[in-house]
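Presented below is the structure to which this report refers.
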Amino acid sequence: MDKKVLLRITNLKQYFPLKKHLGKEQLYVRANDDISIDIYQGETLGLVGESGCGKSTFGRTLLQLNKQTEGKTMYYGRDVYEVAPEYLKKTFSNLEILHKEAEQAKQKYEEFNKSLDCLSDEEKYKKENEKNDLLKTAKFKEFDVAHLIGGLYLSKNLKEVGELFNKKYQVALKIKELVEKIEEIRVDRHAQETKLIESKNNDISQKLESFDKNIENVNAEIEKLKAEMSQYDKEINALKDKCRDIEGFDYYESLEDNGIDLAKLKYSEMRKLRRDLQLIFQDPYSSLNPRMTVGQIIGEGLTAHNFFKAGDNRMQDYVMQVMEDCGLASYMIHRYPHQFSGGQRQRIGIARSLAMKPQFVVCDEAVSALDVSIQSQVINLLQDLKEKENLTYLFISHDLSVVKYISDRIGVMYLGNMVELCSSERMFKNPLHPYTEALLLAIPTTDEAGRGEIKPLEGDIPSPIKPPSGCKFHTRCQYCTDICKNVVPEWREVEPEHYVACHHILDHKVL
């Protein structure tokens with residue numbers, strides 16, 4: 001059974017500009033530098049590395065709390081036509097121009113690659129990074145078009161294709177607006193029903209009949225629009241049938257997907273997806289508003305995202321249930337944060353995030369500020385909630401033992417780059433990157449087989465402003481050679497589901 005990808009991150013970069021001095025070069029902190037990774041639905045992906053390696057920045061960038069500098073973050077928790085983002089219209093209206101730019105980028109890469117044939121190996125090494133950058137640009141531009149129209153990328157009449165997809169988009173936009181209207185009617189209905197029950201009104205069903213009638217009418221409109229969209233899909237498939245014999249059709253058809261490019265969303269569009277993508281903060285003290293009660297803290301997002309209307313007593317019942325699920329007594333609902341311990345505060349933060357019924361949660365060092373005994377309680381809580389709600393976690397931590405316990409897979413980061421990714425079990429049994437090896441050898445152990453002595457990683461972490469050329473770890477790596485100093489290592493799958501970025505893959509078991 002194939003695992004479903006929830007988030008697909010490709011060549012993600014997050015650079016923060018430094019203050020530019022007159023006549024000086026503009027410098028950037030390269031917090032995340034070219035990260036590519038898939039996150040599967042229902043898994044816990046652990047993320048480890050030394051402080052300052054970019055773990056927290058990566059998590060926040062996935063949620064678009066930091067607007068990413070480059071790269072793609074594709075989200076598959078919803079269909080792109082369900083969200084109907086504005087960038088679809090822009091793409092479909094400019095298909096011919098975007099297609100031409102993609103082909104020009106592809107041609108530029110091919111010409112550059114061909115020019116390397118006459119160079120020596122040493123000269124090729126120096127050009128390797130430039131070659132890789134051109135390839136990434138070409139693939140990005142190609143994907144921008146192909147993932148929305150599939151094999152029709154090869155159509156000779158892209159103007160017709162764009163017009164057809166634009167019509168489909170306009171229908172999807174109307175459906176989206178009607179679905180939001182139904183949500184508003186339902187919230188109003190629930191609020192009105194609560195008031196009628198409290199006032200002991202005997203004509204509840206009659207009073208609510210108009211709400212139900214409105215919902216019924218809107219649903220009828222949605223069904224008509226869905227039928228119209230289905231007709232456009234038939235026309236699109238008919239156009240594809242004309243292109244199926246063209247060489248390369250199957251390749252471009254395989255690129256088509258209905259994922260949402262989070263990096264292209266407007267603020268208002270991203271805000272509506274916040275209910276799907278949540279964050280548990282590291283500090284359980286500063287992340288809670290001291291002037292709000294627990295009920296207000298947990299309920300704030302529920303009213304913002306139209307789960308309930310403010311003042312609806314049903315919201316209080318729901319908040320109390322969420323508190324119980326997160327290990328908090330419901331009678332504490334009117335207490336303030338200062339009346340809770342650190343572990344209880346972190347449970348409040350967890351309840352605030354999970355009340356939204358999210359699909360993906362970034363746990364940003366969610367247990368690092370807690371006592372060891374409380375850490376295990378919170379980790380067990382997160383595990384139970386994950387299974388109950390079918391959640392997906394990105395669990396960020398510097399504690400390898402914690403990550404090993406909770407994670408299905410582990411990613412290792414160094415100075416803004418992902419250097420290794422594999423299953424938790426394999427990471428500890430057979431690490432293949434020198435940095436992973438160094439991290440594991442630095443863990444205190446009572447192993448009688450000769451690993452009693454801790455071996456801390458030597459050398460200073462280079463600056464993320466001007467990182468070393470080639471492999472960033474080469475300044476501290478015992479296996480370093482000339483290629484490491486000049487060429488950025490390729491992120492590749494060296495074993496099934498085991499990815500490493502290194503020129504000298506460790507071929508021996510070190511632990």
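All but one of (1) over 22 Å from the mean Cα position of the chain (by Cα); (2) farther than 22 Å from THR303 by Cα; (3) buried (at least 17 other Cβ atoms within 10 Å of the Cβ) hold for ASN417; state the number of the condition that does not hold. In the conditions (1) over 22 Å from the mean Cα position of the chain (by Cα); (2) farther than 22 Å from THR303 by Cα; (3) buried (at least 17 other Cβ atoms within 10 Å of the Cβ), ASN417 misses (1) alone.
Listed by first and then second residue, the pairs linking a residue in the range 117-146 that is of a type in the set (Ser, Thr, Tyr) and open to solvent by less than 70 Å² (accessible area, probe 1.4 Å) to a residue that is modelled with pLDDT of 90 or more and part of a helix (DSSP H, G or I), with Cβ atoms under 7 Å apart and 6 or more places separating them unless they lie on different chains, are THR137/ALA105. Being charged (D, E, K, R), in a helix (DSSP H, G or I) and farther than 25 Å from LEU400 by Cβ is a property that GLU25 lacks.
Kindly indicate whether any position in the range 313-321 is closer than 29 Å to SER376 by Cβ and surrounded by fewer than 16 Cβ atoms within 10 Å (Cβ to Cβ). Yes, the conditions are met somewhere in the range 313-321. Across the range 175-196, the qualifying residues are those that are open to solvent by less than 70 Å² (accessible area, probe 1.4 Å) and among the acidic types (Asp, Glu), and the one among them that is farthest from ASP312 (Cα to Cα) is GLU180. Cβ-Cβ distances below 6 Å connect the following pairs, each with a first residue in the range 166-183 that is touching a residue at least 40 places away in the same chain (Cβ under 8 Å), a second residue that is open to solvent by 70 Å² or more (accessible area, probe 1.4 Å) and in a helix (DSSP H, G or I), and a separation of six or more residues or different chains: TYR169/LYS89; VAL171/GLU228; LEU178/GLU221.
Those residues that are on the phi < 0 side of the Ramachandran plot and either small (Gly, Ala, Ser) or in a loop (DSSP other than H, G, I, E, B) (or both), I need them from the range 84-123; list them, please. Lay out the reasoning, then the answer.
Initial filter on the range 84-123 (on the phi < 0 side of the Ramachandran plot): 85-123.
Those that are on the phi < 0 side of the Ramachandran plot and either small (Gly, Ala, Ser) or in a loop (DSSP other than H, G, I, E, B) (or both): PRO85, SER93, ASN94, ALA102, ALA105, SER115, LEU119, SER120.
Considering the conditions (1) open to solvent by 40 Å² or more (accessible area, probe 1.4 Å); (2) under 27 Å from the mean Cα position of the chain (by Cα); (3) in contact (Cβ under 8 Å) with a residue 24 or more places away in the chain, THR73 is excluded by exactly one of them, (1). A count restricted to the range 316-371 and to residues that are under 14 Å from ASP283 (Cβ atoms) and part of a strand (DSSP E or B) stands at 2. A single member of LEU95, LEU47, LEU65, LEU88 is open to solvent by less than 50 Å² (accessible area, probe 1.4 Å) and either farther than 24 Å from GLY162 by Cβ or β-branched (Val, Ile, Thr) (or both), and it is LEU47. Beta carbons closer than 6 Å, at least 6 apart along the sequence or on distinct chains, pair a first residue in the range 200-215 that is over 16 Å from ILE182 (Cβ atoms) and of a type in the set (D, E, K, R) with a second that is part of a helix (DSSP H, G or I) and open to solvent by less than 70 Å² (accessible area, probe 1.4 Å) for LYS207/LEU196.
Keeping to the range 1-22, report how many residues are in a strand (DSSP E or B) and of a type outside the set (A, V, I, L, M, F, W, C).
Taking the range 1-22 first, the residues in a strand (DSSP E or B) are 5-17.
Within this subset, residues satisfying the condition of being of a type outside the set (A, V, I, L, M, F, W, C) are 8, 10-11, 13-15, 17.
Selection size over the range 1-22: 7.
For the range 383-404, the set of residues classified as of a type in the set (Ser, Thr, Tyr) and either within 14 Å of GLN346 (Cα to Cα) or surrounded by fewer than 16 Cβ atoms within 10 Å (Cβ to Cβ) (or both) consists of SER401 only. Every listed requirement among (1) open to solvent by less than 50 Å² (accessible area, probe 1.4 Å); (2) not in a helix (DSSP H, G or I) is met by LEU152 save one, (2).
Of all residues in the range 420-431 being crowded, with 24+ Cβ neighbours inside 10 Å and not charged (D, E, K, R), which is nearest to CYS480 (Cα to Cα)? Outline the logic, then answer.
So the first thing to find is which residues in the range 420-431 are crowded, with 24+ Cβ neighbours inside 10 Å, and the list is 420-422, 427, 431.
Retained after the next criterion (residues that are not charged (D, E, K, R)): 421-422, 427, 431.
Values: LEU421: 21, CYS422: 23, MET427: 22, PRO431: 17 Å.
Among those that are crowded, with 24+ Cβ neighbours inside 10 Å and not charged (D, E, K, R), it is PRO431.
Here the range 435-460 is the region considered, the condition is being within 30 Å of LEU18 (Cβ to Cβ) and at pLDDT 85 or above, and the residue that is least open to solvent (accessible area, probe 1.4 Å) is TYR435. Scoring GLU387 on the criteria (1) touching a residue at least 40 places away in the same chain (Cβ under 8 Å); (2) out of contact with any Gly (no Cβ under 8 Å at 6 or more places or on another chain); (3) not in a loop (DSSP other than H, G, I, E, B) leaves a single failure, condition (1). Might you let me know whether the range 267-285 holds any residue that is over 27 Å from the mean Cα position of the chain (by Cα) and either of a type in the set (Gly, Ala, Ser) or surrounded by fewer than 21 Cβ atoms within 10 Å (Cβ to Cβ) (or both)? For the range 267-285, residues over 27 Å from the mean Cα position of the chain (by Cα) and either of a type in the set (Gly, Ala, Ser) or surrounded by fewer than 21 Cβ atoms within 10 Å (Cβ to Cβ) (or both): absent.
Among the listed residues ASP312, ASP317, ASP325, identify the single one that is in contact with a Leu (Cβ under 9 Å, 6 or more places away or on another chain) and at pLDDT below 95. Spell out how you get there, then give the answer.
Details: ASP312 fails: in contact with a Leu (Cβ under 9 Å, 6 or more places away or on another chain); ASP317 fails: in contact with a Leu (Cβ under 9 Å, 6 or more places away or on another chain).
Just one listed residue meets the conditions, ASP325.
Consider the range 35-55. How many of its residues are in a strand (DSSP E or B) and out of contact with any Lys or Arg (no Cβ under 6 Å at 6 or more places or on another chain)?
Of all residues in the range 35-55, those in a strand (DSSP E or B) come to 35-40, 44-48.
Subsequent filtering for residues that are out of contact with any Lys or Arg (no Cβ under 6 Å at 6 or more places or on another chain) retains 35-37, 39, 44, 46, 48.
The number of residues fulfilling the criteria is 7.
Exactly one condition in (1) under 24 Å from SER36 (Cα atoms); (2) assigned to a helix (DSSP H, G or I); (3) open to solvent by less than 70 Å² (accessible area, probe 1.4 Å); (4) at pLDDT 95 or above is not met by TYR81; state its number. For TYR81, the exception is condition (1). Looking at SER330, SER376, SER368, just one residue is under 23 Å from VAL48 (Cα atoms) and free of Cβ contacts under 8 Å to residues at least 40 places away in the same chain, and that residue is SER376. Filtered by the rule that a residue be more than 17 Å from TYR76 (Cβ to Cβ), aliphatic (A, V, I, L, M) and in a helix (DSSP H, G or I), the range 243-302 gives VAL294, ILE297, ILE298, LEU302.
In the range 369-382, how many residues are surrounded by fewer than 17 Cβ atoms within 10 Å (Cβ to Cβ), under 16 Å from ILE348 (Cα atoms) and either β-branched (Val, Ile, Thr) or out of contact with any Gly (no Cβ under 9 Å at 6 or more places or on another chain) (or both)?
Result for the range 369-382: 1.
Only one of the listed residues (LEU208, LEU173) is assigned to a helix (DSSP H, G or I) and more than 23 Å from LEU302 (Cβ to Cβ). That residue is LEU173.
The values are calculated or read from the model by the stated rules, or taken from the named source; none is laboratory data. Keep in mind the model is a prediction, meaning the values are calculated, not measured. Counting neighbours? That spans all protein chains shown, and the Cβs are built from the backbone with ideal geometry, glycine included. Protein only, heavy atoms only, side chains kept; ligands, DNA and RNA dropped before computing areas. Shrake-Rupley method; radii C 1.70, N 1.55, O 1.52, S 1.80 Å.
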